[in-house]
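The structure appears below as C-alpha cells.
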Amino acid sequence: MTKRTIIGIIFIFVALLKLISMWNIFHLDWFDWLWQHPWSAYIAPVLLLFIGVRLIVSSYRRNPDQWLQRPIPQGEDGKRICCAVRFGGDEYIYKGEAFHGARLDAFFGGIRLDLRQALITEDEEIDIHTFAGGVELLVPANVNIEAKSRSFIGGVGNETVGRSIHDAPTLHIVASNFAGGVSIKN
C-alpha cells in the first residue's frame with residue numbers, strides 16, 4: 001500500500017466514526033470535541049469521505065503496475081477466451097497469437113485487452129459484462145469495429161479511427177454495463 005492509500009483509509013475511517021456517533025449507533029463522547037461547530041456535523045464527514053476516496057483512487061491511477069499481466073486464458077472450446085475480474089485489474093496482451101473471440105466480466109475491477117498485435121482473420125465477437133467496473137480494448141487499425149451497448153449508468157466509448165475497411169474482419173463488441181463502461185481505442 002502506498003502512503004496515499006493509507007491516508008485515504010484514515011480519512012474514511014474518521015468520517016465513518018463521526019457518522020456512527022452522529023446517528024447514535026455507537027456514541028463516542030471523546031470524539032465530539034472535534035466537531036463543535038454546526039457545519040462540521042454534516043459537511044466535514046462528507047468532505048473527509050470525498051478526500052479519502054479521491055486519495056485511494058489517485059494512488060492506484062498513479063501506480064503503473066496496477067495491471068497484473070496474465071497469460072491468455074483459453075475457453076472451453078480451446079479458442080474463445082474467458083476472463084473474469086473481481087476487485088482488481090488484469091491485462092491480457094496478444095503478441096502474434098490468433099484471436100477467436102472473448103467473454104470479459106469485470107465486477108468492481110478492470111480488464112485491459114490488447115489486441116493490436118493479434119492475428120484476426122475473420123469476424124469475431126467480444127461479449128462484455130461489467131458491474132461497477134470497466135474494460136479497455138486496444139484494437140488493431142486494420143479491423144472494423146461494430147459496438148452494441150445495453151447499459152444502465154454506463155456506456156461504450158469508441159475512440160478508434162472511424163473509417164470502414166472493405167473486406168477487413170469485423171470485431172463485434174456487445175457490452176452489457178451496469179455502472180460501468182467500455183473504452184475502445186487503436
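The values are calculated or read from the model by the stated rules, or taken from the named source; none is laboratory data. Everything quoted here is computed from the prediction, not taken from an experiment. Cβ placement follows ideal geometry from the backbone for every residue including glycine, while neighbour counts extend to all protein chains displayed.
Total residues in segment 124-149 satisfying the condition of being free of Cβ contacts under 8 Å to residues at least 40 places away in the same chain and under 17 Å from the mean Cα position of the chain (by Cα): the figure is 1. Please go through segment 151-183 and give me each residue that is more than 13 Å from the chain's Cα centre (by Cα) and either buried (at least 20 other Cβ atoms within 10 Å of the Cβ) or hydroxyl-bearing (Ser, Thr, Tyr) (or both), ordered by number. The answer is 151, 160, 164, 170, 171, 173, 175, 176.
Listed by first and then second residue, the pairs with beta-carbon distance under 6 Å, at least 6 apart or on different chains, first residue in segment 103-119 and β-branched (Val, Ile, Thr), second surrounded by 16 or more Cβ atoms within 10 Å (Cβ to Cβ), are 111/83; 111/85; 111/90; 111/104; 111/135. Every condition in (1) touching a Ser or Thr at 6+ places or on another chain (Cβ under 8 Å); (2) modelled with pLDDT of 90 or more holds for residue 148 except the one numbered (1). Scanning segment 105-145 for residues that are farther than 24 Å from residue 178 by Cα, in contact with a Ser or Thr (Cβ under 7 Å, 6 or more places away or on another chain) and buried (at least 16 other Cβ atoms within 10 Å of the Cβ) yields 143, 144.
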